[in-house]
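Reviewing the structure listed below.
Bear in mind that the values in this text are calculations on the coordinates, not laboratory data. It should be emphasised that the depicted structure is a prediction, and the values quoted were computed from it without experimental measurement. Every residue, glycine as well, gets a Cβ built from its backbone with ideal geometry; the counts of neighbours run over all protein chains shown.
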Amino acid sequence: MSSSKIIFITGVSSGFGRALAQEALNSGHRVVGTVRNASAKASFEALNPARACAQMLDVTDFSSIDAVVADVEANIGPIDVLVNNAGYGHEGVMEESGLDEMKRQFDVNVFGAVAMIKALLPYMRERRRGHILNITSMGGFITMPGIAYYCGSKFALEGISEVLGKELKPFNIAVTAVAPGSFRTDWAGRSMVRTPRKIPDYDPLFDPIRRAREDKNGKQPGDPARAACAMLAIMDSDTPPAHLLLGSDALGLVRDKLKTYAAEIDLWEDLTRSTDG
């Protein structure tokens, strides 16, 4: 077993957060996890009463985050790893989806993660050590119709993670954007927010995608427990990656996207170069 760490994970009630917390506890780490109600707090702490500690926090309650982090640092110990896992999926054709839905998507998936990072960085920077994992998605590299707001939020978090890693390298703080493919979590089930359909023009494109996603829910190839083990492995690495894909589907789709992108760049290279003075 690696040396014990204090791992702070947002959103430990289900999905990747719960799987990672369980594997981390099994490996001897202490885990602080955020939950949103008393029953979830009791359920999480019951996993390991000695080493599991729940904090009541909604990551969109930005004004409360600093105090929660300060309390953990003072009363539990220095946080070695922050895992920004809290998030959800929004499904909806962009023309049909309100701006309020986009704001909520970015508040949770992007602003909540950034607020957590900003609260913890002074402590990690002073110690000159730490590791931040931002759970993004293969949807932060590839896209498909009907999840524009979700992909947009994950593209944003990928970019922020990459820049942050460069800014924090002098302080021995690593940043990894972890991009899962399709896993057997609640992402496509009860956790997904779906905008009602109302414009028939989009039916031929989008309806088959929605049906396929619903049919595949619970049958995805990815195992959350194996994803958790992979994340623990990079926490133990002296040279963790800036980006980590999880799942063979993510690997194939992202490689295909990069090949297509490179081909398009080559196709339009002359026009690109023509703008130089």
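Overview of results
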{"read-out": "Dipole axis of region 6-252 (+1 Lys, Arg; -1 Asp, Glu on Cβ), positive-most option in Gly165, Ala52, Ile132", "value": "Ala52"}
{"read-out": "Shape call, region 213-266: gyration tensor on alpha carbons, a/c limit 1.5", "value": "oblate"}
{"read-out": "5 angstrom amide H check on Ala177, placed H, neighbours 5+ away", "value": "Asn134, His243, Leu244"}
{"read-out": "Per-residue ³J(HN,Hα) for region 191-204, Karplus 6.51 cos²θ - 1.76 cosθ + 1.60, θ = phi - 60°, Hz, x for Gly and Pro", "value": "7, 7, 9, 10, 6, x, 7, 8, 10, x, 4, 8, 4, x"}
{"read-out": "Highest-first arrangement of 253-266, 77-90, where packing means the average Cβ count within 10 Å", "value": "77-90, 253-266"}
{"read-out": "Sequence-distant residues sharing a close amide H with Val83 (under 5 Å, placed H)", "value": "Phe8, Ile9, Thr10, Leu133"}
{"read-out": "Under the Karplus curve 6.51 cos²θ - 1.76 cosθ + 1.60, θ = phi - 60°, whole-Hz ³J(HN,Hα) for region 222-231, x wherever Gly or Pro sits", "value": "x, 9, x, 5, 5, 4, 4, 4, 5, 5"}
{"read-out": "Relative contact order (%) - region 32-159, alpha-carbon pairs under 8 angstrom, separation at least six", "value": "26"}
{"read-out": "Percentage relative contact order, region 1-42, counting C-alpha pairs under 8 Å, at least six apart", "value": "47"}
{"read-out": "Entries in Lys118/Lys257; Lys219/Lys257; Lys5/Lys259; Lys198/Lys257; Lys41/Lys198; Lys118/Lys154 that, when Cα-Cα distance is taken, lie over 28 Å", "value": "Lys118/Lys257; Lys5/Lys259; Lys198/Lys257; Lys41/Lys198"}
{"read-out": "Span from the region 118-179 Cα centroid across to the region 185-224 one, whole angstrom", "value": "26"}
{"read-out": "The chain: angle of helix 62-75 to the longest principal axis, Cα-based, in degrees nearest 10", "value": "30"}
{"read-out": "Taking the chain and dividing mean pair separation by its residue count, relative contact order in percent (alpha carbons under 8 Å, at least six apart)", "value": "19"}
{"read-out": "Two-site FRET efficiency, Ile76 against Arg36, from Cβ-Cβ distance with R₀ of 25 Å, rounded to 0.05", "value": "0.80"}
{"read-out": "Taking the convex hull of Cα positions in region 87-216, its mean projected area over all directions (nm²)", "value": "8.3"}
{"read-out": "Whole-Hz ³J(HN,Hα) from phi, Karplus 6.51 cos²θ - 1.76 cosθ + 1.60, for region 205-220, glycine and proline x", "value": "7, 8, 4, x, 5, 4, 5, 5, 5, 5, 5, 7, 4, x, 10, 5"}
{"read-out": "Under the Debye formula (equal points on every Cα, no solvent term), log10 I(q)/I(0) of region 154-271 at q = 0.09, 0.12 Å⁻¹", "value": "-0.39, -0.67"}
{"read-out": "Value of Rg to Rh for region 6-252 (Rh from inverse mean 1/r over Cα pairs, i.e. Kirkwood)", "value": "0.97"}
{"read-out": "Highest-first arrangement of 202-214, 234-246, where packing means the average Cβ count within 10 Å", "value": "234-246, 202-214"}
